[in-house]
């Protein structure tokens with residue numbers, strides 16, 4: 001009961017921050033997210049990181065973005081884990097490291113995060129931080145296709161395109177193996193099993 005009450009007290013300010021962001025009032029959104037982030041709210045930390053990442057309502061700072069992403073990621077926030085992975089992959093605000101990118105992508109992908117699954121598939125396809133493995137690439141890209149929401153048609157179509165490209169380099173036996181692995185896969189959520197509102201900050205690289 002106490003946990004439910006505590007959650008309710010945070011939902012109001014967080015919704016206010018989301019609404020401010022949605023209407024483009026980045027100064028207000030930044031202030032509201034920061035207040036919640038300072039008190040350990042993972043949603044707010046991830047959103048604050050995204051605003052620093054994109055320079056919305058504040059000068060762009062990859063270092064500050066990474067700081068807030070990491071705080072949310074360490075709490076198990078899958079979106080933040082994927083964002084940390086992207087920053088390591090691209091060398092933004094941190095030394096580039098495919099090994100660390102792979103680690104964070106997998107944490108998020110294991111929770112069912114479609115962006116991370118797509119990114120993980122890409123890394124297996126190209127052998128970044130891991131031996132090239134088309135079976136694993138196809139599996140993760142297939143999962144991404146199935147986990148992108150219907151409203152995110154662009155991302156789903158891109159993941160489908162990537163999966164088809166990988167499949168063109170595989171044997172029928174390899175494709176069957178990848179499909180079997182995808183069908184047997186189960187998510188292991190650690191924080192939030194449901195996707196966040198699309199109105200919130202979401203960097204696109």
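The values are calculated or read from the model by the stated rules, or taken from the named source; none is laboratory data. Every value quoted in this text rests on a predicted model; they were computed, and no experiment measured them. Virtual Cβ from ideal backbone geometry, glycine too; neighbours counted across all protein chains shown.
Among the residues of region 49-72, is any under 30 Å from residue 184 (Cα atoms) and buried (at least 24 other Cβ atoms within 10 Å of the Cβ)? Looking for residues that are under 30 Å from residue 184 (Cα atoms) and buried (at least 24 other Cβ atoms within 10 Å of the Cβ), one finds at least one in region 49-72, hence yes. Going through (1) touching a residue at least 12 places away in the same chain (Cβ under 8 Å); (2) in a loop (DSSP other than H, G, I, E, B); (3) within 18 Å of residue 33 (Cβ to Cβ) one by one, residue 60 falls short only on (1).
Restricting attention to region 162-205, and to residues there that are under 17 Å from residue 118 (Cβ atoms) and surrounded by fewer than 11 Cβ atoms within 10 Å (Cβ to Cβ), which single residue is modelled with the lowest pLDDT? For region 162-205, the residue satisfying everything is 198.
Restricted to region 72-93, and to residues there that are assigned to a loop (DSSP other than H, G, I, E, B) and closer than 17 Å to residue 45 by Cβ, the residue that is modelled with the lowest pLDDT is 93.
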